[in-house]
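Student: The structure that follows is given in the form of structure tokens.
The values are calculated or read from the model by the stated rules, or taken from the named source; none is laboratory data. Bear in mind that the values here come from a model prediction, so they are computed numbers and not experimental data. Note that each Cβ is placed from the backbone with ideal geometry, even for glycine, and that neighbours are counted across all protein chains shown. Ligands, DNA and RNA are stripped out before the accessible areas are found, and what is left, the full protein with its side chains, is counted by its heavy atoms. Shrake-Rupley method; radii C 1.70, N 1.55, O 1.52, S 1.80 Å.
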Amino acid sequence: MSKEPVAVVGVGQTKHVAARRDVSLAGLVREAAQRALADAELTWADVDAVVIGKAPDFFEGVMMPELYLADALGAVGKPMLRVHTAGSVGGSTALVAASLVAARVHATVLTLAFEKQSESNAMWGLSLPIPFQQPLLAGAGGFFAPHVRAYIRRSGAPDNIGSLVAYKDRRNALKNPYAHLHEHDITLDKVRSSPMLWDPIRYSETCPSSDGACAMVLTDRTGAARSPRPPAWMLGGAMRSEPTLFAGKDAVSPRAGRDCAADVYRQAGITDPRREIDAVEMYVPFSWYEPMWLENLGFAEEGEGWKLTEAGVTELDGDLPVDMSGGVLSTNPIGASGMIRFAEAALQVRGQAGEHQVDGARKVLGHAYGGGSQFFSMWLVGADAPDS
């Protein structure tokens with residue numbers, strides 16, 4: 001029996017900010033869920049199951065929060081699943097929800113991811129004490145900076161590429177009302193002159209700490225036919241993982257990422273991603289990861305990704321727009337960051353992305369990664385339903 005086609009019929013986000021002190025965790029997730037249901041013109045009664053995800057519980061210090069969030073998400077008496085794959089969890093959560101629809105276990109699933117970083121300290125939470133880690137870094141940036149330096153050495157990229165990515169994404173964020181950072185006075189010179197945090201990553205080339213949630217309503221072909229708005233159809237989706245450290249690991253272009261992308265393209269019948277995919281919502285917490293992931297995902301040959309960035313190909317009006325919403329560089333509620341990439345991809349093919357809409361977008365990739373570049377989740381969504 002073939003899989004049931006999966007459609008995104010509702011998308012909801014909170015306004016992402018540094019601190020949402022006006023709501024609890026329950027209030028935050030309910031806000032995003034209600035907006036997704038309103039977009040789909042459905043009620044809590046129409047939802048068969050809930051799939052929720054977030055980053056490590058110790059970030060907020062609330063263990064297994066899904067147990068007390070069931071009320072806020074209309075999940076009392078309904079199946080509720082929790083997913084965790086570090087920073088890629090938002091994407092993985094959406095894929096688990098999609099699998100329930102594809103397997104015909106449930107017809108309509110609400111999926112949601114969130115983080116309230118104002119109630120945590122993720123940087124120090126990710127800085128493990130001796131003897132578990134050498135005292136040479138602070139936060140994720142300290143971990144990934146050597147990988148960026150390796151990419152620069154390997155590719156010969158000029159040192160201004162990171163600033164070009166950050167400048168692009170922060171300008172894109174100005175067109176997205178839900179984005180956290182709205183820097184109206186942003187200039188390329190300001191990015192280039194911002195303090196160096198982890199060489200070669202500057203302050204303006206790194207992601208913020210955000211409070212926020214994102215939700216989607218996924219449904220089957222019957223549910224999509226009743227949708228008042230055009231759905232986004234899942235054409236392919238996959239997860240891959242690998243150890244953080246092992247002999248031969250390529251930290252610049254992890255095999256798990258390459259394999260994950262290849263599986264998604266195979267499912268969707270994509271043979272030339274550079275020509276067949278219209279745009280990408282890519283997980284870029286540090287600006288240099290745009291050219292690195294362009295290569296890892298098959299949009300550029302090894303060592304050539306930075307040339308696409310430098311040539312303006314990834315600009316909003318470029319040939320392959322990347323992070324039209326402003327990306328993780330502008331909004332980073334860690335648990336939700338991957339789902340925002342997936343949701344923004346769906347908005348693009350539904351023609352509902354507002355000022356950051358890419359004209360004629362028919363196939364858009366959503367991408368997330370997490371841990372030590374070890375967890376990957378991706379989906380490709382399209383404006384047209386897949387062949388049965």
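Student: What list of whole percents do you get for P(r) of the chain, with Cα-Cα distances grouped in 20 Å bins up to the one holding the largest distance?
Tutor: Percent of pairs per bin, in order: 31, 60, 8.
Student: What angle do you read, to the nearest 10 degrees and between 0 and 90, between the alpha-carbon axis of helix 139-155 and the longest principal axis of the chain?
Tutor: 60
Student: Highest first, please rank the peptides 216-229, 366-379, 16-29 by the mean number of other Cβ atoms sitting within 10 Å of their residues. List each step's numbers first, then the result.
Tutor: Numbers: 216-229: 19.1, 366-379: 27.8, 16-29: 17.5.
Ranking the peptides 216-229, 366-379, 16-29 by packing returns 366-379, 216-229, 16-29.
Student: So if I place +1 on the C-beta of Lys and Arg and -1 on the C-beta of Asp and Glu, and nothing else carries charge, what would the dipole magnitude of the stretch 46-98 be about its Cα centre? I want it in debye, nearest 20. Let's see the in-between values first.
Tutor: Numbers: 3 positive and 6 negative charges, 26 e Å.
For the stretch 46-98, the charge dipole is close to 120 debye.
Student: Measure nothing but the geometry: give the 0 to 90° angle between the long axis through the Cα atoms of 255-268 and the longest principal axis through the Cα atoms of the chain, rounded to 10°.
Tutor: With rounding to tens, the tilt is 40 degrees.
Student: Let me ask something else about it. As a check on your grasp of the helix formula, calculate [θ] at 222 nm for the chain: sum -39500 (n - 2.57) over DSSP H runs of n ≥ 4, divide by the residue count, round to the nearest 500. Mind showing how you got there, number by number?
Tutor: Working: 13 runs with 127 residues, N = 388.
Computed mean residue ellipticity for the chain: -9500 deg cm²/dmol.
Student: Further question: Within the set LYS249/LYS363; LYS15/LYS116; LYS78/LYS363, which residue pairs have Cα atoms separated by over 24 Å?
Tutor: On the way: LYS249/LYS363 31 Å; LYS15/LYS116 12 Å; LYS78/LYS363 33 Å.
With Cα atoms farther than 24 Å apart: LYS249/LYS363; LYS78/LYS363.
Student: Within the chain, which is the longest segment that contains none of the GluC sites (Glu not before Pro) sitting in a DSSP loop with at most 12 other Cβ atoms within 10 Å? Let's see the in-between values first.
Tutor: Values: sites that count: GLU301, GLU302.
The longest uninterrupted stretch comes out as 1-300.
Student: Residues with amide H under 5 Å of LEU235's amide H, sequence separation 5 or more or different chain, H placed in the peptide plane at 1.01 Å from N; which?
Tutor: LEU380, VAL381, GLY382
Student: Relative to the first principal axis of the alpha-carbon coordinates of the chain, what is the inclination of helix 334-350, with its axis defined by its Cα atoms, in degrees from 0 to 90 and to the nearest 10?
Tutor: Tilt relative to the chain: about 70 degrees.
Student: A follow-up question, please. Using the Cα atoms as the points, what is the convex hull volume per residue of the stretch 142-227 in Å³? Before the final figure, lay out each step's value.
Tutor: Values: hull volume 14.4 nm³, N = 86.
Output value, Cα hull per residue: 168 Å³.
Student: Roll a 1.4 Å probe over the protein chains and send me the accessible area per residue for the stretch 9-120 in Å². It would help to have the intermediate numbers written out before the result.
Tutor: Working: 3980 Å² over 112 residues.
Accessible area per residue: 36 Å².
Student: Something else now. Carbon-plus-sulfur fraction of the accessible area of the chain, 1.4 Å probe, in percent? Before the final figure, lay out the partial values.
Tutor: Numbers: 8000 of 14940 Å².
Percent of accessible area from carbon and sulfur atoms in the chain: 54.
Student: Please report, in whole Å, how far the alpha carbons of the stretch 244-373 spread along each principal axis, starting with the longest.
Tutor: Answer, in whole Å and largest first: 45, 33, 31 Å.
Student: Sticking with this structure for a sec: Give the separation of the Cα centroids, the stretch 151-171 to the stretch 34-60, in Å.
Tutor: With the stretch 151-171 and the stretch 34-60 each reduced to a Cα centre, they are spaced 36 Å.
Student: May I pose another question? Quick one: which residues, 5+ away or cross-chain, put their amide H under 5 Å from the amide H of LEU197? H built at 1.01 Å from N.
Tutor: ARG202, TYR203
Student: Next up: With r defined as the distance between the Cβ atoms of LEU188 and GLN352 and R0 fixed at 30 Å, what FRET efficiency is calculated, to the nearest 0.05?
Tutor: The pair LEU188/GLN352 has a calculated efficiency of 0.50.
Student: What do the square roots of 5 times the Cα gyration tensor eigenvalues come to for the stretch 190-259, in whole Å, largest first, as semi-axes of the equivalent ellipsoid? Before the final figure, lay out each step's value.
Tutor: Working: eigenvalues 270, 114, 23 Å².
Equivalent-ellipsoid dimensions as semi-axes: 37, 24, 11 Å.
Student: Using every pair of alpha-carbon atoms in the stretch 311-388, split the distances into 5 Å bins beginning at 0 and state the percent of pairs per bin, rounded to integers.
Tutor: For the stretch 311-388, the binned pair fractions read 3, 15, 24, 25, 18, 10, 5, 1 percent.
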